[in-house]
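Trainee: Quick one: structure below, then a few questions.
The values are calculated or read from the model by the stated rules, or taken from the named source; none is laboratory data. This is a predicted model, so every value here is computed, not measured. Here Cβ is always computed from backbone atoms with ideal geometry, including for glycine, and neighbour counts include all displayed protein chains.
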Amino acid sequence: MIKVVEGSYAVAHAVKMCRTNVVSAYPITPQTHIVEDLAKFVADGEMKSEFVNVESEHSAMSVCVGASATGARTYSATTSQGLALMFEVLFNASGMRLPIVMTAVNRAISAPLSIWNDQQDSISARDCGWIQLYAEDVQEAHDMVIQAYKIAEDRDVLLPVMVCMDGFLLTHIFEPVNLASQEDVDAFLPPFRPEFYLTTKDPKTFGAFAEPDKYMEFRYMHYEAMERAKGKIVKVAREFSARFKRFKGGLIDEYKTDGADVIIVTMGSVIGTIKDAIDREKKAGLLKIRSYRPFPKDEVRKALADAKNVVVLEKDISIGMEGALFTDLKAALYRSGGRPRRPKCSGLIFGLGGRDFSGKDISNIIKKVRTGKELESFFGLRRELL
């Protein structure tokens, strides 16, 4: 059913179709509309779920951890400082292998205070052990929520999933979305039936104390589960495509990369702008990273095997080094074995705090790369303010 809806509504609709048992969240701009819609679904009797009001984002994720441990399908949503406040519990959720799904609405982190979009918040949580999937558009944000539950609840994975979507640019935009029907989602996503959960009939311990002779093994099993998740992400995307007749999943996407002498690598909603710019260029392509964790290193190497110039664009900065995606991409190429020809790689930080970025900017970047000019690490910096 195609309807013109707000991005936040599309995500809330997907959560409802997944028959989620427990929702807990704290309102924070620009995530608020998602949980407002979910609260309305519950209040109107459209969604048979427990909506738990809490006093903070730390408590919201704590509720999800407790509910998931008892075998409930759980959901939360947050952004920016809210995600930062959850940080302690994010590690608990993944370490206890709880398949929670959360929408991380990307927004800049203070200080200074900013409510506009960049991806610093979720990138800062990259090492928490959550699968991280980045949406290009509203349809993808909707579809990936449904896929996220099937990935997370797979017994070979059992990891929480963070579906990341750019704040305002996706959450508050109205566009046509093919909203999944209950019949299709029920056929695609089976009820959550965990093998291990808390019950008085068969008592178990979750998150127990681990001494030094055991802790490292737990972390290794966590690492192995994340590696296995790569194959599951691809498999689930294919299953989703077969059922819903559209492909909105997987690890990466390539756009006009064959024969391209400049390939741009990025994540999120800016991809639409980049595609428009590439359509006006010759021999320029795009590599879209959909799955940032697990990082698709083998797929990245293959996609960039014949590239001459690679430009990584990202809305985050690891202060003291460079953009996180740029670091990971270089590591993937460096560890490719042997001494293969590697492309010239440039990393650009752009759009921090919602700074505007246009197709014309993309064309100028491509032109500079082709003429051998060095690119500034911070694109669009206003030097007069420094």
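Trainee: How many residues does the range 25-71 hold that are part of a loop (DSSP other than H, G, I, E, B) and either crowded, with 21+ Cβ neighbours inside 10 Å or touching a helix residue (DSSP H, G or I) at 6+ places or on another chain (Cβ under 9 Å) (or both)?
Mentor: Within the range 25-71, residues that are part of a loop (DSSP other than H, G, I, E, B) and either crowded, with 21+ Cβ neighbours inside 10 Å or touching a helix residue (DSSP H, G or I) at 6+ places or on another chain (Cβ under 9 Å) (or both) number 12.
Trainee: What residue, among those in the range 212-233 that are acidic (D, E) and more than 16 Å from M96 (Cα to Cα), is surrounded by the most Cβ atoms within 10 Å (Cβ to Cβ)? Full working, then the answer.
Mentor: Pass one, the range 212-233, residues acidic (D, E): 213, 217, 224, 227.
Next, only the ones that are more than 16 Å from M96 (Cα to Cα) stay: 213, 227.
Details: D213: 7, E227: 10.
Among residues in the range 212-233 that are acidic (D, E) and more than 16 Å from M96 (Cα to Cα), the one surrounded by the most Cβ atoms within 10 Å (Cβ to Cβ) is E227.
Trainee: Can A277 be described as in a helix (DSSP H, G or I), surrounded by fewer than 22 Cβ atoms within 10 Å (Cβ to Cβ) and in contact (Cβ under 8 Å) with a residue 40 or more places away in the chain? First the steps, then the outcome.
Mentor: Working: in a helix (DSSP H, G or I): yes; surrounded by fewer than 22 Cβ atoms within 10 Å (Cβ to Cβ): yes; in contact (Cβ under 8 Å) with a residue 40 or more places away in the chain: yes.
Criteria met by A277.
Trainee: Same structure, new question: Within the range 164-183, is there a residue that is of a type outside the set (D, E), touching a Leu at 6+ places or on another chain (Cβ under 7 Å) and not in a loop (DSSP other than H, G, I, E, B)?
Mentor: So far as the range 164-183 goes, yes, one or more of its residues are of a type outside the set (D, E), touching a Leu at 6+ places or on another chain (Cβ under 7 Å) and not in a loop (DSSP other than H, G, I, E, B).
Trainee: Every residue in the range 350-371 that is more than 28 Å from I109 (Cβ to Cβ) and basic (K, R), please.
Mentor: Those that are more than 28 Å from I109 (Cβ to Cβ) and basic (K, R): K360, K367, K368, R370.
Listed here are the residues, each with its yes/no results for (1) touching a residue at least 24 places away in the same chain (Cβ under 8 Å); (2) touching a strand residue (DSSP E or B) at 6+ places or on another chain (Cβ under 9 Å); (3) part of a strand (DSSP E or B).
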residue: T273; (1), (2), (3): yes, no, no
residue: L286; (1), (2), (3): yes, yes, yes
residue: V310; (1), (2), (3): yes, yes, yes
residue: L313; (1), (2), (3): yes, yes, yes
residue: E322; (1), (2), (3): yes, yes, no
residue: L333; (1), (2), (3): yes, yes, no
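Trainee: Oh, and also: When you go through D121, D143, D127 one by one, which is the residue that is of a type in the set (D, E), within 12 Å of the chain's Cα centre (by Cα) and outside any loop (DSSP other than H, G, I, E, B)?
Mentor: D121
Trainee: Determine which single condition V101 fails, assuming it passes every other condition in (1) more than 21 Å from E239 (Cβ to Cβ); (2) out of contact with any Leu (no Cβ under 7 Å at 6 or more places or on another chain); (3) of a type outside the set (D, E).
Mentor: (1)
Trainee: Of the residues K275, K214, which single one is in the same structural domain as D137 (by TED's automatic domain parsing) and of a type outside the set (V, I, T)?
Mentor: K214 is the lone residue from the list that is in the same structural domain as D137 (by TED's automatic domain parsing) and of a type outside the set (V, I, T).
Trainee: Give the residue that is nearest to T20 (Cα to Cα), with candidates limited to residues of the range 72-95 that are touching a helix residue (DSSP H, G or I) at 6+ places or on another chain (Cβ under 8 Å) and aliphatic (A, V, I, L, M).
Mentor: A77
Trainee: Considering only the range 123-135, state which residues are more than 14 Å from P99 (Cα to Cα), in contact with a helix residue (DSSP H, G or I) (Cβ under 7 Å, 6 or more places away or on another chain) and either among the β-branched types (V, I, T) or buried (at least 24 other Cβ atoms within 10 Å of the Cβ) (or both).
Mentor: Within the range 123-135, I123, L133, A135 qualify.
Trainee: V265 fails exactly one of the following numbered conditions: (1) in a loop (DSSP other than H, G, I, E, B); (2) outside the structural domain of D186 (by TED's automatic domain parsing); (3) in contact with a helix residue (DSSP H, G or I) (Cβ under 9 Å, 6 or more places away or on another chain). What is the number of that condition?
Mentor: (1) is the only condition that V265 fails.
Trainee: Sticking with this structure for a sec: Suppose we filter V236, V265 for residues that are among the β-branched types (V, I, T), surrounded by 11 or more Cβ atoms within 10 Å (Cβ to Cβ) and touching a Lys or Arg at 6+ places or on another chain (Cβ under 6 Å); which single one remains?
Mentor: V236
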